[in-house]
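Before any comments, here is the structure.
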Amino acid sequence: MTTAQDTVRIAIGADDAGVVMRDAMIAYLTERGYPLTDMSAAPSEDYPDVAERVAQSVARGDHDRAVLICGTGIGMAIAANKVPGIRAAQIPDSYSAERARKSNDAQIACFGNRTMGVEAALVCLEHWLVSEFAGGGSAPKVEKIRQVESRNLLTA
């Protein structure tokens, strides 16, 4: 029997402010059998570098979902959302984690190591992992997000 853990490929990335939470999440995801790639910051990198690299891996289809961690989660979400096709959500609580998937089809969850405890973040991560896009009334709204993105893409 195939489980989500067998099929959902996850990328994870953190800057120096997110290392503690990243390590806990790596242990959590590994223990549950998720295929996982750590794409965290090199010493010379900042959170926008990590967010872009991780978001591009999701946009290309190398990973199905991703987790980004910095001090607040805000900067990672902003940077990741600049990559076409990406919907990244800051996750401050378990309700938001569930809704990010069910209502917004967010492929990337962003956490703040300085704004929430690791145990709370792991609960939120689980809610996000087990939730799927519900479609229904949310589908036209997500499509409008795609249209906004398409209208506003800058070309080189």
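The values are calculated or read from the model by the stated rules, or taken from the named source; none is laboratory data. As the structure is a computational prediction, the values presented were derived from the model and not from experiment. Cβ: placed from backbone, ideal geometry, glycine included. Neighbour counts: every protein chain shown. With ligands, DNA and RNA removed, areas are computed over all heavy atoms of the protein, side chains included. Shrake-Rupley method; radii C 1.70, N 1.55, O 1.52, S 1.80 Å.
Here are the numbers:
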read-out	value
Residues satisfying the stated conditions in region 116-138, i.e. out of contact with any strand residue (DSSP E or B) (no Cβ under 9 Å at 6 or more places or on another chain) and over 16 Å from residue 65 (Cα atoms)	116, 117, 118, 119, 120, 123, 134, 135, 136, 137, 138
Check on residue 8, surrounded by fewer than 17 Cβ atoms within 10 Å (Cβ to Cβ) and of a type in the set (Val, Ile, Thr)	yes
Residue list for region 102-126, filter: open to solvent by 40 Å² or more (accessible area, probe 1.4 Å), more than 16 Å from residue 11 (Cα to Cα) and part of a helix (DSSP H, G or I)	102, 118, 119, 120, 123
Within region 35-101, strands (runs of 3 or more DSSP E) holding 3 or more residues that are in contact with a helix residue (DSSP H, G or I) (Cβ under 6 Å, 6 or more places away or on another chain)	65-70, 88-90
Extreme residue, most open to solvent (accessible area, probe 1.4 Å), among residues of region 14-46 that are without any contact (Cβ under 8 Å) to a residue 12 or more places away in the chain and more than 16 Å from residue 118 (Cβ to Cβ)	43
